[in-house]
Amino acid sequence: MDYTFLLSKSLEVENMDLRAVIDSFQSCPCGREHSFDLKIYEADRGLVHKAGEILDRGNFPKKLYVVSDENAIHVSRELFPSLDRCGYRYETKIYPDMRYAYMSTATEIMRAAADFDGILSIGTGSVNDVCRYAAAHANKAFAIFATAPSMDGFASDSAPLIDNNFKISYPCRQPSIVIADTDILAASPAELKAAGFGDILGKYVGIVDWKVAHYTVGEYYCENIVSLVKKAVADVVAIADKVTVCDPDAAKAIMDSLILTGCAMQLAKCTRPASGAEHVVSHFWEIHKLEKGIWPDFHGKKVGIATLLVTRIYKKLLSYPSISPHKEALDLEEVLSHYSPKNREEIIGYNVPNPTDAIDPAVLKARWPDILTSIREELPDEDVLLDMMQRAGCVTELSDVNLTPEFALEALRYSPYMRRRITLLRILDMLGIDEDLLTL
């Protein structure tokens with residue numbers, strides 16, 4: 001049976017059919033059973049007036065703790081008459097401007113929602129992440145009303161939170177309902193829509209890194225999930241010129257793809273389908289800026305820049321048809337010197353024992369042709385990637401996100417050690433290549 005065909009067919013329907021997506025994964029050749037918790041996803045014009053009815057169709061509980069910030073609530077106030085009309089009882093918590101997703105905020109929401117049956121998050125990014133964690137750990141129903149297509153975490157089952165100035169992705173649970181009014185999405189700041197595009201582009205690197213982990217240490221991999229992600233990326237790339245304009249149809253297309261990549265993570269039960277080395281580079285920049293009290297900028301903006309840098313490095317490897325790999329000689333104290341002393345235990349935990357010890361250099365050498373094929377087939381050429389980003393209004397220069405060349409290089413070299421995962425960026429020093437590949 002041609003599962004790739006089924007995936008493509010299921011995603012071509014005008015209103016994304018979640019049931020069709022799940023059905024296309026039945027008897028998946030990867031051998032795993034796939035499912036996700038998202039029951040209703042609706043994106044259309046005027047849904048701010050119908051939110052209560054949509055929640056009703058999903059049997060969402062009537063006693064709600066509603067969380068937002070001033071930016072998101074400003075464009076979503078017309079949602080509340082719909083909740084009132086449908087008999088919802090709610091209390092609201094409106095933060096001034098939630099630019100950061102802190103663990104302390106998530107636990108605050110968890111405590112405040114103790115006497116409620118569900119949490120409704122109104123917004124994007126950080127608001128959703130703290131609510132996702134609170135809902136999962138307090139065992140509350142969770143729904144999102146999205147206000148900007150700025151990142152792919154809407155349908156994710158993990159929450160990247162900052163704790164002790166260190167960003168960690170915590171396992172959570174998908175929302176059961178995601179609602180998006182495409183008029184609101186379209187009217188959101190162009191910078192946020194371009195950030196969503198940048199987040200989508202990171203999937204190119206993520207797929208390569210997932211394959212590298214599969215080839216070298218036998219990590220679980222599903223080709224059907226990869227096909228789903230690639231379709232989502234292709235759909236957004238096709239409308240790059242429309243990303244920043246106030247176009248409800250374009251906003252819906254972006255949102256659909258962001259939802260699909262979030263669902264892909266739930267299908268795989270890991271973040272591999274949606275993030276690779278480029279996301280970890282972005283997190284490195286973020287935690288170091290936070291340590292210095294500097295606004296780290298929007299997630300997708302940084303991911304777009306990191307995708308450019310990592311793609312450039314990976315493409316250099318095509319000049320090496322053969323390698324003489326060896327075990328990694330990890331200088332942990334050198335690595336630790338590039339992190340805050342407050343994060344020492346986290347970094348040690350991610351690197352002791354060393355995850356690269358599981359890589360047999362002979363296996364790496366044998367699978368090197370497959371890795372090169374993945375780079376060649378999955379990553380766009382740098383000029384093509386740059387053109388996509390410019391047409392979509394993405395920033396492309398380090399200075400656009402307040403980065404110096406030195407800071408960018410530091411992240412490329414030392415960010416892989418803040419996660420316990422195999423990426424091509426992590427194993428560069430194992431390849432036996434004399435050239436310093438970490439250049440801008």
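Checking the condition touching a Leu at 6+ places or on another chain (Cβ under 8 Å) and closer than 28 Å to Val281 by Cβ, which residue from Ala190, Ala155, Ala180, Ala143 passes?
Working: Ala190 fails: touching a Leu at 6+ places or on another chain (Cβ under 8 Å); Ala180 fails: closer than 28 Å to Val281 by Cβ; Ala143 fails: closer than 28 Å to Val281 by Cβ.
Sole residue among the options that is touching a Leu at 6+ places or on another chain (Cβ under 8 Å) and closer than 28 Å to Val281 by Cβ: Ala155.
Consider Ala232 against the criteria (1) outside the structural domain of Ser121 (by TED's automatic domain parsing); (2) not in a helix (DSSP H, G or I): it satisfies all of them except one. Which criterion is unmet?
(2)
Scan region 350-361 and give yes if some residue there is hydroxyl-bearing (Ser, Thr, Tyr) and loosely packed, with under 14 Cβ neighbours inside 10 Å, otherwise no. Reasoning before the result, please.
Of the residues in region 350-361, the ones hydroxyl-bearing (Ser, Thr, Tyr) are 350, 356.
From what is left, the residues that are loosely packed, with under 14 Cβ neighbours inside 10 Å are none.
There is no residue in region 350-361 that is hydroxyl-bearing (Ser, Thr, Tyr) and loosely packed, with under 14 Cβ neighbours inside 10 Å.
What is the number of the single condition among (1) free of Cβ contacts under 8 Å to residues at least 12 places away in the same chain; (2) assigned to a helix (DSSP H, G or I) that Ile371 does not meet?
Here Ile371 clears every test but (1).
State all residues of region 16-62 that are within 16 Å of Thr182 (Cα to Cα) and touching a Lys or Arg at 6+ places or on another chain (Cβ under 6 Å); if no residue qualifies, say none.
Listed by number, the list holds a single entry, Ala43.
Is it true that some residue in region 180-195 is over 30 Å from Asp117 (Cβ atoms) and free of Cβ contacts under 8 Å to residues at least 60 places away in the same chain? Quick ask: steps written out before the conclusion?
To start, the set of residues in region 180-195 that are over 30 Å from Asp117 (Cβ atoms) comprises 186-187, 189-195.
Now restrict to residues that are free of Cβ contacts under 8 Å to residues at least 60 places away in the same chain: 189.
The answer is yes; a qualifying residue exists.
Quickly run through region 223-238 and pick out the residues that are over 18 Å from Glu278 (Cβ atoms) and either of a type in the set (Asp, Glu) or in contact with a helix residue (DSSP H, G or I) (Cβ under 6 Å, 6 or more places away or on another chain) (or both).
Of everything in region 223-238, those that are over 18 Å from Glu278 (Cβ atoms) and either of a type in the set (Asp, Glu) or in contact with a helix residue (DSSP H, G or I) (Cβ under 6 Å, 6 or more places away or on another chain) (or both) turn out to be Glu223, Asn224, Ile225, Ser227, Leu228, Lys231, Asp235.
State which residue is surrounded by the fewest Cβ atoms within 10 Å (Cβ to Cβ) when the search covers only region 253-302 and only residues that are part of a helix (DSSP H, G or I), under 10 Å from the mean Cα position of the chain (by Cα) and among the hydrophobic types (A, V, I, L, M, F, W, C).
Out of the qualifying residues, it is Met265.
Hey, among the residues in region 22-55 that are in a loop (DSSP other than H, G, I, E, B) and of a type in the set (Phe, Trp, Tyr), which one's modelled with the highest pLDDT?
Within region 22-55, the first condition is being in a loop (DSSP other than H, G, I, E, B), and the residues that meet it are 24-39, 45-46, 50.
Now narrow it down to the ones that are of a type in the set (Phe, Trp, Tyr): 25, 36.
Numbers: Phe25: 93, Phe36: 88.
By that ranking, first place goes to Phe25.
The values are calculated or read from the model by the stated rules, or taken from the named source; none is laboratory data. Note that the structure is a prediction, hence the values are computed from the model and not measured. No Cβ is skipped: glycine too gets one built from the backbone with ideal geometry, and neighbour counts run over all protein chains shown.
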